[in-house]
1. In this structure, is residue 131 surrounded by 17 or more Cβ atoms within 10 Å (Cβ to Cβ), modelled with pLDDT of 80 or more and among the acidic types (Asp, Glu)?
2. Look at the stretch 188-231 and say how many of its residues are outside any helix (DSSP H, G or I) and surrounded by 22 or more Cβ atoms within 10 Å (Cβ to Cβ).
3. Could you say whether any residue in the stretch 31-48 is charged (D, E, K, R), out of contact with any strand residue (DSSP E or B) (no Cβ under 6 Å at 6 or more places or on another chain) and in a loop (DSSP other than H, G, I, E, B)?
4. Could you list, in sequence order, all residues of the stretch 62-89 that are under 21 Å from residue 241 (Cα atoms) and loosely packed, with under 14 Cβ neighbours inside 10 Å?
5. From the list 18, 51, 41, which one is over 17 Å from residue 200 (Cα atoms), surrounded by 24 or more Cβ atoms within 10 Å (Cβ to Cβ) and at pLDDT below 95?
6. Assigned to a helix (DSSP H, G or I), over 19 Å from residue 99 (Cα atoms) and under 16 Å from the mean Cα position of the chain (by Cα): which single residue out of 183, 234, 171 fits that description?
7. Determine whether the stretch 98-106 contains at least one residue that is in a helix (DSSP H, G or I), surrounded by fewer than 22 Cβ atoms within 10 Å (Cβ to Cβ), of a type in the set (S, T, N, Q) and modelled with pLDDT of 75 or more.
8. Restrict the check to the stretch 69-92 and report whether at least one residue is of a type in the set (Lys, Arg), under 16 Å from the mean Cα position of the chain (by Cα) and either at pLDDT 95 or above or assigned to a helix (DSSP H, G or I) (or both).
Amino acid sequence: MSANSSATHQKTTPLSTVGLYWGLIGVAAFSFTVPFTRVTVAGGGMSPLFVGSGRAVVAALLATAALAITRQRPPCGAQWVRVAVVAGGVVAGFPLLTSFALTTAPASHGAIVIALLPAATAVTAALRGHERQPVPFWIMAAVGAVAAIAFASSQGGGLGGLHRSDLLLFGAVLAAAIGYAEGGLLARELGAWQTVSWALVVSAPLMVLVSAASLARQPVTGGPAEWAAFAYLGVVSMFLGFFAWYRGLAIGPMARVGQVQLVQPVMTLCWAALFLHERLAWTTVLGGIAVIACATGAVHARQGRGAGSERPG
């Protein structure tokens, strides 16, 4: 792994199929996050504070080793501030907020709110990355968000009233969208795996302190299933999955690549049914096809003049 092994330096370009493939690999890795987080916190043996911070500590150890072995050049100047933004969004914000939310909300319900993430990522990319997309894209992105929420809610017992867990999940979506957009831009300068690695290193001292405080307050008593799920969250959801995801966003356009996240609720609900035995209705296949169709429509929406332009940085 060299300093530029996953960096993508490019001028304005149309949608790249390679970027979509990398994004889809990242989404597949992330699709296990909600059900596995539910596994770790549902039994009460692991506190949500430990799960949210401990997984970051595991990933930070791997990141430190990777950066040291490959002798990566550290970020400079304002890049450190941007790395901190990425760390706040995807290393601290999303894991901690979802961990607390899933102590009371089932994984299927978590998938409902997180279905808003593709639209949130597209808006953030437009604001932060100066990406301009045609009207058909925004129409399909909105339809896709509605379709994903409708699909997930039909499987998870409906939206119901607004609960504390929903507010935490909305906060997690906002944190992740900001971290994705900033990380996608920064990956063009530092590289995909380097970006998430430096973000993990920056957040490591805080996450270690939080983990230690959590352990002092409540010792961990998880069984093999809980530890296996925790290991996945630390190694894949918090580290390896971002290699592919940030590479896809760096290739971009971020708003379009981000729409492949629409298939994540479909995957997540399938894993929730498989591992947690949460109920799936007969509409799963038809709903999943509809969501995937919306994602495809948004990704390939016809670009007008100037659409999809990006300015890295």
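The values are calculated or read from the model by the stated rules, or taken from the named source; none is laboratory data. Please read these numbers as outputs of a predicted model, since none were measured by experiment. Every residue, glycine among them, receives a Cβ derived from its backbone with ideal geometry; neighbour counts consider all protein chains shown.
1. Answer is no for this residue.
2. 1
3. No, the stretch 31-48 contains no residue that is charged (D, E, K, R), out of contact with any strand residue (DSSP E or B) (no Cβ under 6 Å at 6 or more places or on another chain) and in a loop (DSSP other than H, G, I, E, B).
4. Selection gives 65, 68, 69.
5. 41
6. Just a single option satisfies the conditions, and that option is 183.
7. Looking for residues that are in a helix (DSSP H, G or I), surrounded by fewer than 22 Cβ atoms within 10 Å (Cβ to Cβ), of a type in the set (S, T, N, Q) and modelled with pLDDT of 75 or more, one finds none in the stretch 98-106, hence no.
8. Within the stretch 69-92 (the criterion being of a type in the set (Lys, Arg), under 16 Å from the mean Cα position of the chain (by Cα) and either at pLDDT 95 or above or assigned to a helix (DSSP H, G or I) (or both)), the answer is no, since none of the residues qualifies.
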